[in-house]
Amino acid sequence: MPASQLETQTYCSLEELETIREKWEELLASYLLSTPFSTPEWLIPWWRSFGKSQELFVVAFFANGSQLVGLAPLSITRIRVGKMISLRLLRLMGDGSQDSDNLDLPVRPGFEDRFAASLLNLLERGRTRWDVAEFNTMPPDSPAGNGLRRLLMEKEWAVREKNTPASRISLPSTWEEYLQLLSSEDRKNLERYARRIEKRYATKMYRCSDEGQLTKCLEAMFAHHQAQWEAAGERGSFGSIERRRFYYDLSRQLLKQGRLDLWAIELDGEVVAAQFGFRYADKVFQLQEGNDPKHAADRVGFLLRGHVMKELIAQGVRTYDFLGGELGYKAKWGARAEHYLNFRFAKPFTQGAAYLQAQSYAGRGKSWLRRNLPSGAWKILHNTNVALKGRKTPLRENAPKEEKPSDQSAPNENEKR
């Protein structure tokens, strides 16, 4: 092995992966871009729920024999690209179910270049295991991700890149400062609707803090989320048993660590809105929510978010991350547009490279049709193609994953995440 290369160890089961949990957590503590999506608390429950049809392929990189300096949490699955052709897709562990954002390749500072070179060397040596790679929702400033992309381009591999939207709020140090980010109408409505529900109902807003509250809050969120989407003629996320199981498994782990940010509002003892997120250092990541459509006129989602913002600011939280999806209604809360980096690559002169080239041609043709056809004709064409392929997911404009309906901060909004 060249002196610049790091030692590697591959883990192909959760049991094996658990043996490095302590070192994994130490690595994340040293990595400035760490988020919950790179932690064992996220990825291990995710794999239990969604990894059954995939092959686990997690590679740990060591220096000086035992120091974990980088981690590549990967998986391999088969995708069909034609009637008679399937390819082995290499992707980041956590990708594929539309639940994970900010997937990354955590690396200890000072080892970025060696890690990227060692990872590419490993992928090149093991190319008989995979055909095409797809690394999605990576932070645009990921040191390992950018280092790997540079090396791939230097070696003239087939590489395709795409940015997808995200957004977050930089929270000020006081509630009074934050209120200045809102419109005068929204500032008035926070007070007006709060007074109204307090007159009409016994009102309680809180953060889920024990197992006794967990089931009530989660079940309400699942039900309200489904009701919103089914009313819009869509399936929603929580019709899936696997996804509900994942949220329970994840929530229990986060609750024990004090990092679960599951907030609820009760009216007369019934949970009518819930917002699910989690905390990491001074950041909160907002993932899903559900608002009872029967209480749309009470603006319960709007009021709950206002309450959450006030509490988080008082607790010293400095970033509220809405994760993936268009800016939409989130701009009203002070969110700024961000983006994730998606990139795909394959060894040149392979089936994987040919697949990327074909996708590129198809994408350009699709972009032309989308630009030049009337929107109604484009939707008909798209959904006809979906039906012919036997898929059930309808068109979602500019949405790489399912978008959330709005928090009822304005009538008739239906922003998807």
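For the chain, what is the calculated [θ] at 222 nm in deg cm²/dmol (nearest 500), taking -39500 (n - 2.57) for each run of four or more DSSP H residues and dividing by its residue count?
Values: 12 runs with 164 residues, N = 417.
Only helices count here, giving -12500 deg cm²/dmol.
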Taking the Cα centre of segment 169-338 as the origin, how large is its charge dipole in debye, to the nearest 20, when only Lys and Arg (+1) and Asp and Glu (-1) carry charge on their Cβ atoms? 180 debye
Cα pair distances in the chain, grouped into 20 Å bins until the bin that holds the longest one, percent each: 24, 55, 20, 1
For ALA166, the residues 5 or more places away or on another chain with a placed amide H closer than 5 Å to its own amide H are GLY325, GLU338, HIS339, TYR340
Along segment 164-169, what does the Karplus equation 6.51 cos²θ - 1.76 cosθ + 1.60 (θ = phi - 60°) give for ³J(HN,Hα), rounded to whole Hz, x for Gly and Pro? 10, x, 8, 7, 7, 10
Cβ-based charge dipole, the chain, positive-most Cα from LEU304, ILE76, LEU171: ILE76
Sequence order, segment 181-195: Karplus ³J(HN,Hα) from phi using 6.51 cos²θ - 1.76 cosθ + 1.60, θ = phi - 60°, Hz rounded, Gly and Pro as x, gives 7, 8, 5, 4, 5, 5, 4, 5, 5, 4, 6, 4, 6, 5, 4
Skipping prolines and chain starts, which residues have an amide H placed within reach, meaning under 5 Å, of the one on GLY277, given they are 5 or more residues away or on another chain? ASP261, LEU262, TRP263, LEU287
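Checking the table LYS216/LYS294; LYS204/LYS310; LYS204/LYS256; LYS23/LYS310; LYS23/LYS155; LYS23/LYS162 against a 25 Å threshold on Cα-Cα, which pairs fail?
Working: LYS216/LYS294 18 Å; LYS204/LYS310 15 Å; LYS204/LYS256 23 Å; LYS23/LYS310 36 Å; LYS23/LYS155 32 Å; LYS23/LYS162 33 Å.
Those over the limit are LYS23/LYS310; LYS23/LYS155; LYS23/LYS162.
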Of HIS225, LEU87, LEU103, farthest towards positive along the dipole that unit charges on Lys, Arg, Asp, Glu beta carbons give the chain: LEU87
Between segment 1-59 and segment 161-194, what is the separation of their alpha carbon centroids in Å? 35 Å
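Bear in mind that the values in this text are calculations on the coordinates, not laboratory data. A quick note: this is a predicted structure, and the numbers were derived from the prediction, not measured. Quick reminder, even Gly has a Cβ in these numbers, built from the backbone with ideal geometry, and neighbours come from all protein chains shown.
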